[in-house]
Amino acid sequence: MSTLLIEGGQVLLPDMRVVEADVLVDADEGGILDVGTDIEVDADETLDASGGLVMPGLVNAHCHAAMTLLRGYADDKPLDAWLQEDIWPAEAELTAEDIHVGTELGLLEMIKSGTTAFADMYFDVPEVVDAIDEAGLRARVGHGVVTVAKDDEGAQADIDESLDIAREFDGAADGRVTTAYMPHSLTTVGESYLRESVAEAREDDIPVHFHANETTDEVDPIVDERDERPLEYADDLGMLTHEDFVAHGVHVDGAEIDLLATRGTGVVHCPASNMKLASGMAPVQRMLDAGVTVGLGTDGAASNNDLDMFDEMRDAAMLGKLATGNASAVDAESVVQMATQGSADAIGVQSGVVEPGANADLVVLDLDSPHLTPAHDLVSHLAYAARGSDVRHTVCDGQVLMRDREVLTMDESAVLTRARDHATALVERAE
Ligand SMILES: CSC[C@H]1O[C@@H](n2cnc3c(O)ncnc32)[C@H](O)[C@@H]1O
Ligand SMILES: [Zn+2]
C-alpha cells in the first residue's frame, strides 16, 4: 500500500469542529485511513499542512465546465435573452475539441480553487470524461438534451445520446466518473419526450438532473398551461426521486419545497448565476428548514463568471440574508455544509467529509494571509473570507492534483494557451 500523510495542520471535521490532527491516506485505494494526533507511519509521500486547514474538497453540484470558453462573452442580460441571443448561437459553433479544451480550463480552475468533485451538464461528453480522467477529479456527468426547435428524429437522437452516454460512462476514470440523464429543463424538452425518456432512465437506475424553477418566465407558462407547479409536473413525470437533483429551484412555493423534502430530491443553489441573470432569490433557508438536501453550484463560467466555490459560499450566505431580511439565515456553517456534504449528497458522490473510511478528496487551505487573520472562527473564514487562491494543496481520490499551487496533472500554461486560442476562434465563427 502506498500512503500519503497530510501533517501539521488543523482539520475540519464533518460536525464542523476544527481540531489539530494529521490525515493518513491510502493513495492506492484513494481512501482516508486515519485522522488523529498519534499517527506513527513512515509515509511514502507527505503534504505539509502547517499553518493550514485540511478540509473536504469542495463539491460544485451544477456546472457546465466547458463554458469557460464563453467567460465574459455575454454579460448583463436576463436568462432568456442571454441564452437565445448570445450563448446558444455561440454553442452551435462548438467543436468536440473546443469542449475538451474548455473543460480542461474549467478543471484547472477547479483544482486551483479547491474543488474536487462536480456535476456537469454539456455536450460531447466523451471529451469531458477524457479531460476529467487526465486531471484526476471526481464528477457526475451527462449530455444535456433540448428537444424544442428539433424535428422528432433530432429530438430522439439527442435523448438517445444522453441515455447512451449515461450507460456507457458510468464508472469511467477508475470509478471517479458517474453519470445522469440530463434533460435541460421542463420547458426545453417536450412532455412526451420527458415521460418516455425518464421511464427509460429509471429502468437502468440512471439519476436525472435538470434546470428547474430558475425564472418566473420559465415557471409562469407551465402554471398557466397545466394549472400545476413545475415541480408537481416533474413529479408526475417521475423526475423527482432521491437520486435526482435539480439546478436552481429559485421560484419554488411551499408545496414544492415539501415535495422536494418528501421525495429526497436535491436542489443545487447557484447564487452567483441567479444574481447575475437577475433570476431571483431562492428560498434556501426555508428549504433547509424543511429538510431538503441543498447543494451549491457555480453554473457555467459565462453566468458567474468563475468556478470558485469559496466565492459561491460567500454569495450564498449574503443572498440568503438579503432574501429573508434575516442576518441569521444561511449562516456560515450552513454554507460550508452545503458546499461539501450537501452538494455531495445532492449529486450522489462519495465526497465532502474528512473522516476515516471516506474518499480522500481534500484540500489544504493556507491560513497565513492578512485576509484570514486573526482566526477566531475558521468556519466563518471559509464562508466569508477565504478565496480559491488560498488553496495550497488539492487531493482527489488519494492522488495529489496540486502541491504548493503547482498543478501536477495538467500543464497549466498549455491549457491556458489552448483555451485562449480556441475561445478566440469560437467567437470569430459565432460572429
Ligand atoms: C444542453 S447542455 C446545457 C445548456 O444549459 C445552458 N445553460 C447555461 N446556464 C444556464 C442556466 O442558468 N439556465 C439554463 N440553461 C443554462 C448552456 O448554455 C447549455 O446550452
Ligand atoms: Zn446550468
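The values are calculated or read from the model by the stated rules, or taken from the named source; none is laboratory data. Given the structure is predicted, the values throughout are model-derived calculations rather than measurements. Every residue, glycine among them, receives a Cβ derived from its backbone with ideal geometry; neighbour counts consider all protein chains shown. To get the accessible areas, we keep the full protein, side chains included, count just its heavy atoms, and leave off ligands, DNA and RNA. Shrake-Rupley method; radii C 1.70, N 1.55, O 1.52, S 1.80 Å.
Values as computed for the structure displayed
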{"quantity": "Complete set of residues in region 106-131 that are among the aromatic types (Phe, Trp, Tyr) and surrounded by fewer than 24 Cβ atoms within 10 Å (Cβ to Cβ)", "calculated": "Phe123"}
{"quantity": "Residue within region 381-390 that is in contact with a Leu (Cβ under 9 Å, 6 or more places away or on another chain), closer than 19 Å to Ala173 by Cα and in contact (Cβ under 8 Å) with a residue 24 or more places away in the chain present", "calculated": "no"}
{"quantity": "Yes/no for Ala278 being within 15 Å of ligand 1 (Cβ to nearest atom) and in a loop (DSSP other than H, G, I, E, B)", "calculated": "yes"}
{"quantity": "Residues that are small (Gly, Ala, Ser), within 14 Å of the chain's Cα centre (by Cα) and within 16 Å of ligand 2 (Cβ to nearest atom), drawn from region 97-136", "calculated": "Gly106, Ala119"}
{"quantity": "Lone unmet requirement of (1) in the same structural domain as Val246 (by the TED database); (2) touching an Asp or Glu at 6+ places or on another chain (Cβ under 7 Å) for Val379", "calculated": "(1)"}
{"quantity": "Positions within region 144-181 being more than 13 Å from Val129 (Cα to Cα), open to solvent by 50 Å² or more (accessible area, probe 1.4 Å), not β-branched (Val, Ile, Thr) and not in a helix (DSSP H, G or I), in sequence order", "calculated": "Ala149, Lys150, Asp151"}
{"quantity": "Failed criterion for His184 (all others in (1) in contact with a helix residue (DSSP H, G or I) (Cβ under 6 Å, 6 or more places away or on another chain); (2) closer than 23 Å to Gly238 by Cβ; (3) within 15 Å of ligand 1 (Cβ to nearest atom) hold)", "calculated": "(1)"}
{"quantity": "Those residues of region 247-275 which are within 14 Å of ligand 1 (Cβ to nearest atom) and farther than 20 Å from Met121 by Cα, in sequence order", "calculated": "His251, Met275"}
{"quantity": "Cβ-Cβ under 8 Å pairs, at least 6 apart or on other chains, region 415-431 side under 14 Å from Met67 (Cα atoms), far side surrounded by fewer than 14 Cβ atoms within 10 Å (Cβ to Cβ)", "calculated": "His422/Glu97"}
{"quantity": "Enumeration of residues in region 203-220 that are closer than 22 Å to Asp152 by Cβ and open to solvent by 10 Å² or more (accessible area, probe 1.4 Å)", "calculated": "Glu203"}
{"quantity": "Lone qualifier among Gly72, Gly9 - being within 30 Å of Gly280 (Cβ to Cβ), more than 16 Å from ligand 2 (Cβ to nearest atom) and open to solvent by less than 50 Å² (accessible area, probe 1.4 Å)", "calculated": "Gly72"}
{"quantity": "Total residues in region 12-32, condition surrounded by fewer than 19 Cβ atoms within 10 Å (Cβ to Cβ) and closer than 17 Å to Cys396 by Cβ", "calculated": "4"}
{"quantity": "Region 359-400, subset among the polar types (S, T, N, Q) and in a strand (DSSP E or B), residue nearest to Glu312 (Cα to Cα)", "calculated": "Thr394"}
{"quantity": "Flag if Leu231 is touching an Asp or Glu at 6+ places or on another chain (Cβ under 6 Å) and either within 15 Å of ligand 1 (Cβ to nearest atom) or within 18 Å of Ala61 (Cβ to Cβ) (or both)", "calculated": "yes"}
{"quantity": "Candidate set: region 291-303, residues that are more than 10 Å from ligand 2 (Cβ to nearest atom) and part of a loop (DSSP other than H, G, I, E, B); chosen: the one surrounded by the fewest Cβ atoms within 10 Å (Cβ to Cβ)", "calculated": "Gly291"}
{"quantity": "Residue within region 43-50 that is open to solvent by 50 Å² or more (accessible area, probe 1.4 Å), of a type in the set (Gly, Ala, Ser) and not assigned by the TED database to the domain that holds Glu218 present", "calculated": "yes"}
{"quantity": "Leading residue by the ranking (nearest to Ala119 (Cα to Cα)) among those in region 167-203 that are of a type in the set (Ser, Thr, Tyr) and within 16 Å of ligand 2 (Cβ to nearest atom)", "calculated": "Tyr181"}
{"quantity": "Subset tally (residues that are within 19 Å of the chain's Cα centre (by Cα) and either more than 16 Å from ligand 2 (Cβ to nearest atom) or of a type in the set (Gly, Ala, Ser) (or both)) for region 137-161", "calculated": "5"}
{"quantity": "Pick from region 44-69, criterion among the hydroxyl-bearing types (Ser, Thr, Tyr) and more than 15 Å from ligand 2 (Cβ to nearest atom), ranking: nearest to Arg403 (Cα to Cα)", "calculated": "Thr46"}
